[in-house]
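To start, the structure itself, in structure tokens.
The values are calculated or read from the model by the stated rules, or taken from the named source; none is laboratory data. Computed from a prediction, not measured in an experiment: that's the story for all the values here. Counting neighbours? That spans all protein chains shown, and the Cβs are built from the backbone with ideal geometry, glycine included. For accessibility, only protein heavy atoms count, side chains too; no ligands or nucleic acids. Shrake-Rupley method; radii C 1.70, N 1.55, O 1.52, S 1.80 Å.
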Amino acid sequence: DSFYDSHEHDIAVQTVNGKVSIAALQETNKPSVNVGGVSVNFGATDIVVPITVKNNPGFSGFSFCINYDASRLVLESTNILLDGGYKVIGHPEGYGVNIAWTSTEAYTEDGTIAELHFSLTDDPNSGKAYINTAFRDGYDSFYGFVSGTEQDIAFDAFDGYVDVSNHNFGEWIVTTPATCTTTGLKTRTCLDCSKTETAVILK
């Protein structure tokens, strides 16, 4: 690589590197709904991911959808944890699950409002399986009642994940010893599930 002129003679240039500065996320007092993040090993069965609210100004109801990485996660159940009120859990087309709750009383606490229970698909890839919230126009929001009128409340939404670790394999066990003329075989089994790996032992 170089800079060069029309007769292809190199031209000396000085390079000055640039940078991108990534600032830490500033803490705000804005209401937010947050999907949790959890780490699991292969073979995990009941994976619980909380959905929490923070800086809650008080709402009388909500409706929103959850989408998730179906290549790694299987949604087993969804629970709305708020006492009283009317609860709806649905599965609208194009979305993983919809959760909705409404009450005549305002809910003013911070903390967990729902839980998602997942299992893993068969032999999923390791890495983060992201879980995100989705608000459908005209359908979904957080809301409260002001002077008897239903009004939307702006909530920021933060996605979560299930971080699937690699298999937790035990020690190799020789199943067929190698000889001076033939190769052998060895196996190892994940301590968290029944997946087995086999490798060749060179002669």
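Structural remarks
- Test: residue in segment 114-129 that is among the hydrophobic types (A, V, I, L, M, F, W, C), surrounded by fewer than 12 Cβ atoms within 10 Å (Cβ to Cβ) and in contact with a Ser or Thr (Cβ under 7 Å, 6 or more places away or on another chain): no
- Members of segment 61-87 found to be of a type in the set (S, T, N, Q) and at pLDDT 95 or above, listed by number: SER63, ASN67, SER77, THR78, ASN79
- Against the criterion of being within 26 Å of the chain's Cα centre (by Cα) and either without any contact (Cβ under 8 Å) to a residue 60 or more places away in the chain or over 30 Å from ALA129 (Cα atoms) (or both), PHE169 qualifies.
- When segment 61-96 is filtered for residues that are under 12 Å from ILE51 (Cβ atoms) and either of a type in the set (Asp, Glu) or without any contact (Cβ under 8 Å) to a residue 40 or more places away in the chain (or both), the ones remaining, listed by number, are THR78, ASN79, ILE80, LEU81, LEU82.
- The set of residues from segment 155-179 being assigned to a strand (DSSP E or B) and farther than 30 Å from LEU191 by Cβ comprises ASP156, ALA157, PHE158.
- Set side by side, the residues ASP152, ASP137 differ, and just one is in a loop (DSSP other than H, G, I, E, B) and not β-branched (Val, Ile, Thr), which is ASP137.
- Considering segment 97-144, the residues that are free of Cβ contacts under 8 Å to residues at least 60 places away in the same chain and of a type in the set (Asp, Glu) include one that is farthest from LYS30 (Cα to Cα), namely ASP122.
- Leading residue by the ranking (modelled with the highest pLDDT) among those in segment 1-34 that are open to solvent by 90 Å² or more (accessible area, probe 1.4 Å) and of a type in the set (Gly, Ala, Ser): ALA12
- Restricting segment 170-192 to residues that are under 30 Å from VAL35 (Cβ atoms) and open to solvent by 40 Å² or more (accessible area, probe 1.4 Å), the residue that is modelled with the lowest pLDDT is ASP192.
- Yes/no for GLY37 being over 17 Å from the mean Cα position of the chain (by Cα), more than 14 Å from ASP110 (Cα to Cα) and either touching a residue at least 24 places away in the same chain (Cβ under 8 Å) or open to solvent by 30 Å² or more (accessible area, probe 1.4 Å) (or both): no
- Subset of segment 87-138 that is touching a Gly at 6+ places or on another chain (Cβ under 6 Å) and β-branched (Val, Ile, Thr) - its residue that is nearest to SER63 (Cα to Cα): THR102
- Scope segment 125-144; condition farther than 19 Å from LYS54 by Cα and out of contact with any Asp or Glu (no Cβ under 9 Å at 6 or more places or on another chain); matching residues: ASN125, ARG136, ASP137, GLY138, TYR139
- Residue in segment 40-60 that is modelled with the lowest pLDDT, counting only those that are more than 25 Å from ALA106 (Cα to Cα) and not β-branched (Val, Ile, Thr): GLY43
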